[in-house]
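The values are calculated or read from the model by the stated rules, or taken from the named source; none is laboratory data. Model, not experiment: these values are computed from the prediction. Cβ coordinates were reconstructed from backbone atoms using ideal geometry, including for glycine residues, and neighbour counts include every protein chain displayed. Note: accessible area is taken over every heavy atom of the protein model, side chains too, but ligands, DNA and RNA are not part of it. Shrake-Rupley method; radii C 1.70, N 1.55, O 1.52, S 1.80 Å.
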Amino acid sequence: MRVVGLTGGIGSGKSTVVRQFAEHGVHWVDADDVARDVVEPGKPALAAISEHFGGHILLEDGSLNRAELRTLIFQDESERKWLERLLHPLIREAIIARLHPRDYELPYTLLVSPLLLETDQHQLVDKIVVVDVPVEVQIERTVSRDDNTADQVRRIIEAQMPREERLKKADYVIDNAAGTEQTKARVASLHARFMDEFQRTT
Ligand code: ADP
């Protein structure tokens, strides 16, 4: 089974593109979903986090106070590193477990992740697909999707890998600046290519 990694900055269109691959029957794993699951109440990672930071890191219902955790790790690099050391191996393990569904007949699956290139997740993939739009489009689409200001989105983009650097690491680029029909056509042709290439080599 081959794994194609799909990444891109915030608002570039990862979720949109992954839905288009899914229309061709492609199975996918979203690293963000996995990252949320590993810190659910009852999971060992959440117990480790509350032991490390103290009980105030939990909300009244026992779930993780994500806003508080984000504040703490943005303030302190060593805390961010501690958290990454705890979570990254657990996330990686859970991703691997989900990448191979039973009774799946296609030769490849997708791993969608905003941090594919920044973490060791890229070691799990055979090919890298980058969804790309200009920064201004990223800002415009994210602002109309989320409850964020353009300035907040700009700060998030600045904390992510720069566009040029990301593009250099791509095996394939999906230009999502135009309409969704154009992107759909590109997805269809990439899917055909992966089906052909991975069928021949597996
Ligand atoms: P990501 O998952 O990378 O953050 P999304 O797929 O959620 O990005 O796309 C960001 C926003 O832009 C969404 O509201 C989505 O519906 C919209 N969008 C995505 N692709 C296009 C496109 N080609 N044209 C217009 N809007 C788009």
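Summary table
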{"quantity": "All helices (runs of 4 or more DSSP H) inside the range 129-186 with 2 or more residues being within 13 Å of S12 (Cβ to Cβ), within 11 Å of the ligand (Cβ to nearest atom) and among the basic types (K, R)", "calculated": "135-145"}
{"quantity": "Long-range neighbours under 7 Å by Cβ, at least six apart or interchain, first residue closer than 12 Å to T16 by Cβ within the range 172-198, second within 15 Å of the ligand (Cβ to nearest atom) and open to solvent by 40 Å² or more (accessible area, probe 1.4 Å)", "calculated": "I174/R186; T180/T16"}
{"quantity": "Qualifying residue in the range 90-98 (condition: part of a helix (DSSP H, G or I), of a type in the set (G, A, S), within 20 Å of R145 (Cβ to Cβ) and free of Cβ contacts under 8 Å to residues at least 60 places away in the same chain)", "calculated": "no"}
{"quantity": "Answer residue from the range 34-48, given it is over 15 Å from V112 (Cβ atoms) and of a type in the set (G, A, S) and is surrounded by the fewest Cβ atoms within 10 Å (Cβ to Cβ) among those", "calculated": "G42"}
{"quantity": "Output for the range 124-154, where each listed residue is farther than 17 Å from R166 by Cβ and either exposed (fewer than 15 other Cβ atoms within 10 Å of the Cβ) or touching an Asp or Glu at 6+ places or on another chain (Cβ under 7 Å) (or both)", "calculated": "S144, R145, D146, D147, T149, A150, D151, Q152"}
{"quantity": "Boolean, S63 is surrounded by 19 or more Cβ atoms within 10 Å (Cβ to Cβ) and at pLDDT 95 or above", "calculated": "no"}
{"quantity": "Exclusive hit being more than 16 Å from the ligand (Cβ to nearest atom) and touching a His at 6+ places or on another chain (Cβ under 9 Å), set L58, L86", "calculated": "L86"}
{"quantity": "The range 99-144 - residue that is within 15 Å of the chain's Cα centre (by Cα) and without any contact (Cβ under 8 Å) to a residue 40 or more places away in the chain and, of those, farthest from K43 (Cα to Cα)", "calculated": "Q123"}
{"quantity": "Condition met for S113 (among the polar types (S, T, N, Q) and surrounded by fewer than 17 Cβ atoms within 10 Å (Cβ to Cβ))", "calculated": "no"}
{"quantity": "The one condition in (1) out of contact with any Ser or Thr (no Cβ under 9 Å at 6 or more places or on another chain); (2) in a helix (DSSP H, G or I); (3) of a type in the set (D, E, K, R) that E105 fails to fulfil", "calculated": "(2)"}
{"quantity": "Pick from the range 187-202, criterion among the aliphatic types (A, V, I, L, M) and open to solvent by less than 50 Å² (accessible area, probe 1.4 Å), ranking: farthest from the ligand (Cβ to nearest atom)", "calculated": "M195"}
{"quantity": "Residue tally, condition away from the ligand (no atom under 13 Å from the Cβ) and either at pLDDT below 95 or surrounded by 20 or more Cβ atoms within 10 Å (Cβ to Cβ) (or both), over the range 4-33", "calculated": "3"}
{"quantity": "Selection status of R102, under 29 Å from R163 (Cβ atoms) and open to solvent by 50 Å² or more (accessible area, probe 1.4 Å)", "calculated": "no"}
{"quantity": "Residues that are touching a strand residue (DSSP E or B) at 6+ places or on another chain (Cβ under 8 Å) and over 22 Å from D175 (Cα atoms), drawn from the range 186-200", "calculated": "F198"}
